[in-house]
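Take a look at the structure set out below.
Please treat every number below as a calculation from the coordinates, not as lab data. Given the structure is predicted, the values throughout are model-derived calculations rather than measurements. Cβ: placed from backbone, ideal geometry, glycine included. Neighbour counts: every protein chain shown.
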Amino acid sequence: MPDKSRHAPETVNQSLDSTLESVDRAEELAVGMARTAGFDEDGLVKIGMAVRESMVNAVVHGNRYNSNKKVRFSVAAAPERFTVRIADEGEGFEFQNLPDPLSPENLMRTSGRGIFLIRSFMDEFQIRRLDPGGTEVTLVKYMVSK
Amino acid sequence: MSVKLNTRQVGDVSVIDVSGRITLGEGSSTLRDALRGLVAQGQKKILLNLGEVSYIDSSGIGELVSAFTSVTNGGGELKLLNLTKRVKDLLQITKLYTVFDVHETETSAIRSFA
C-alpha cells in the first residue's frame with residue numbers, strides 16, 4: 001500500500017465558462033477526484049452538492065452568465081483534506097449577514113439555501129472578496145482515516 | 001439526464017411522477033411549467049411522486065416550495081410521495097420536511113386529500 005502522506009496532492013486547475021454546463025463539469029470533476037481519493041458514497045454526495053451550489057453561485061450570481069467572465073475552479077486532493085476553490089469575477093456581495101434560511105420568516109422563500117447547504121455538507125467553508133474584484137469560496141472536506 | 005415527468009389522474013388527484021434530476025436549468029423549469037399548467041387548469045389536488053428523483057439542488061427545493069405556496073394560496077393541496085433518502089435528508093436539513101405532507105404509499109397519499 002503506497003504511503004499517501006509522502007505523495008504530493010493531486011491538483012486540478014481549470015478556467016470555466018459561466019454556463020450551467022460548467023456547473024455540471026465541475027461537479028463531475030470534483031466527485032471523480034473525491035472518489036479516487038477514497039471518499040464513501042455519503043462523502044461523494046456531499047462534495048458534489050457543495051461544489052454544485054458553489055458553482056451555481058459563481059455562474060449565476062457572481063458572473064451572471066457573462067460569457068466574458070470566467071470561473072476559476074481548482075481541486076486539491078491531499079491525504080488529509082480535499083479542497084475545492086471556486087472564484088468568480090463578479091461584483092461581490094455582502095456575505096457577512098446572509099439571511100438565515102431556517103428562520104420562520106425565511107423558511108418558505110424560494111431561494112437563499114445554497115450557502116447554508118454548502119456549510120452543512122463541508123467541514124470548512126470560507127468566503128472572501130478578491131482584489132480587484134470577484135468572490136472566492138474555499139470548501140474543505142476532511143479525509144476520514146479507515 | 002435531466003428530469004422526466006409523467007402526469008396522470010387518480011380520481012380528482014393529479015399525480016406527477018418525477019424522475020431524474022431537479023436542478024437549476026431545464027430540470028427545475030420543466031417541473032415548474034408542469035405544476036403551473038395544473039394550477040392553471042384549476043387542479044386543486046396535486047401529488048408529486050419523487051421516488052425516481054436521483055438528485056435535487058437548492059433550486060429544485062425552491063421549486064417545491066414555490067409550488068407548495070402557489071397551490072396552497074389557491075385553496076389547493078400539494079403533497080409529496082416516495083421521498084428518496086437524499087431528498088428526505090435535504091428537506092430535513094432545511095426544515096422543510098414538516099412543511100410538506102409526505103407519504104410513503106400512493107394509497108395513503110390519495111386518501112389524505114380533503
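At-a-glance table
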item: Total charge dipole magnitude, the protein assembly as shown, about the Cα centre, Cβ charges on Lys, Arg, Asp, Glu only, Debye to nearest 20; result: 140 debye
item: Ellipsoid semi-axes in whole angstrom, largest first, where each is sqrt(5λ) of the Cα gyration tensor of chain B; result: 19, 16, 14
item: A:Ser103 versus A:Glu124: modelled label distance in nm, points set 7 Å from Cα along the beta carbon direction; result: 2.9 nm
item: Dipole-positive endmost among A:Gly134, A:Val23, A:Gly38 within the range A:7-142 (Cβ charges, Cα centre); result: A:Gly134
item: Share of pairwise Cα separations in the protein assembly as shown, more than 28 Å, in percent; result: 39 percent
item: Whole-Hz couplings from phi, Karplus 6.51/-1.76/1.60, listed for the range B:24-31; x for Gly and Pro; result: 4, x, 4, x, 5, 5, 5, 5
item: Under Karplus coefficients 6.51, -1.76 and 1.60, residue-wise ³J(HN,Hα) of the range A:83-97 in Hz, glycine/proline x; result: 10, 10, 10, 9, 10, 10, 10, x, 8, x, 8, 7, 9, 6, 10
item: Long-range lysine pairs (8 or more apart or interchain), chain A, Cα under 26 Å; result: 7
item: Lys, Arg +1 and Asp, Glu -1 on Cβ, resulting dipole of chain B about Cα centre, debye, nearest 20; result: 80 debye
item: Ascending count of other beta-carbon atoms within 10 Å, so fewest first, for B:Arg32, A:Arg128, A:Arg52; result: A:Arg128, B:Arg32, A:Arg52
item: Note, ³J(HN,Hα) from phi for the range A:50-66, Karplus 6.51, -1.76, 1.60, rounded to Hz, x at Gly and Pro; result: 5, 5, 4, 4, 5, 5, 4, 4, 5, 6, 7, 8, x, 8, 6, 6, 5
item: Pairwise Cα inverse-distance average, inverted: Kirkwood Rh of the range A:7-142 (Å); result: 15.1 Å
